[in-house]
Structure formats: structure tokens, C-alpha cells
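**Q** Pasting a structure here, questions to come.
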């Protein structure tokens, strides 16, 4: 049961990070973005490094697929363990 909540919190935090990245402002919005980055970056960074090996450089610059790939991995882990 607790594992289900951990997966949900992780996915929600990734979505919040993605949305806030579009609207980087000053004040509390920026602070919330920094907190979500600090919480999710340990999970996103390894995925980003792995994707960099397989995606051509032109794709890396246009769109960061690491958040989506991390969300897919979390969902696969949820299916496997729950």
C-alpha cells in the first residue's frame, strides 16, 4: 500500500516539475520548481544519461525525453510490484 503512494508521489512530482518548467517565474513558483528538481533529479539524471547515448544530438536539444522516460519506468515498476 505504501509503495503505491510512493509511486504516485514520484509521478506527481515529475508532472509538477514539467509544468513548472514551462512557467519559470520568480518567487514561490521558482522555489517550488527548484524543490521539484532537487527531488526528482536523482531519478531523472541516470535516465537522461542513458538516453543521450541512444538519441542523436539534434533530438536532445529540442526536447528532454528523460522526464517522460522516467515516468514510464515508474509506471512499469508500479505494474511489476503492485
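The values are calculated or read from the model by the stated rules, or taken from the named source; none is laboratory data. Here the structure is a predicted model, which means the values were calculated and not measured. Counting neighbours? That spans all protein chains shown, and the Cβs are built from the backbone with ideal geometry, glycine included.
**Q** So is residue 46 exposed (fewer than 11 other Cβ atoms within 10 Å of the Cβ) and more than 12 Å from residue 68 (Cα to Cα) or not?
**A** Considered against the rule, which asks whether it is exposed (fewer than 11 other Cβ atoms within 10 Å of the Cβ) and more than 12 Å from residue 68 (Cα to Cα), residue 46 comes out as no.
**Q** OK, next. What residue, of 5, 33, is outside any loop (DSSP other than H, G, I, E, B), loosely packed, with under 13 Cβ neighbours inside 10 Å and without any contact (Cβ under 8 Å) to a residue 60 or more places away in the chain?
**A** 5
**Q** Could you tell me which residue of region 16-30 is surrounded by the most Cβ atoms within 10 Å (Cβ to Cβ), considering only residues that are touching a helix residue (DSSP H, G or I) at 6+ places or on another chain (Cβ under 8 Å) and without any contact (Cβ under 8 Å) to a residue 40 or more places away in the chain?
**A** 20
**Q** Quick check on this structure: which one of 52, 41 is under 15 Å from residue 68 (Cα atoms) and over 14 Å from the mean Cα position of the chain (by Cα)?
**A** Answer to the check: 52.
**Q** So, of the residues in region 60-71 that are assigned to a helix (DSSP H, G or I) and surrounded by 13 or more Cβ atoms within 10 Å (Cβ to Cβ), which turns out to be modelled with the lowest pLDDT?
**A** The qualifying residue modelled with the lowest pLDDT is 60.
**Q** While we're here: What are the pairs, 6+ residues apart or on separate chains, where a residue within region 52-64 that is closer than 19 Å to residue 14 by Cα has its Cβ under 8 Å from a residue that is in a helix (DSSP H, G or I) and modelled with pLDDT of 75 or more?
**A** 60/51; 60/52; 64/48
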